[in-house]
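Only one structure is covered here, and it is reproduced in the block below.
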């Protein structure tokens, strides 16, 4: 299937665990913010970054 990065599979597993933690093990409020981003600059992150409020473990 072409070139694969050496740490790709580890990175995918870390992302899965991180997303599970954010989605299922925390409660938080996601206030209004500017989530637009540049299509030409790197790294491309939302202008407001990502703001979470009232973060608590479940």
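Taken together, the values in this text are just the output of simple stated rules run on the coordinates, not laboratory data. What you see is a predicted model; the values in this text were computed from it and never measured. Virtual Cβ from ideal backbone geometry, glycine too; neighbours counted across all protein chains shown.
Brief remarks on what is shown
- Averaging the sequence gap over all C-alpha pairs within less than 8 Å and six or more residues apart, then dividing by the number of residues, gives the chain a relative contact order of 34 percent.
- Over the C-alpha atoms of the chain, the Rg to Rh ratio, Rh being the Kirkwood estimate, stands at 1.09.
- Computed helical MRE - 222 nm, the chain, DSSP H runs ≥ 4 contributing -39500 (n - 2.57), nearest 500: -10000 deg cm²/dmol
- Computed from the C-beta positions of residue 50 and residue 3 and an R0 of 25 Å, the FRET efficiency is 0.25 to the nearest 0.05.
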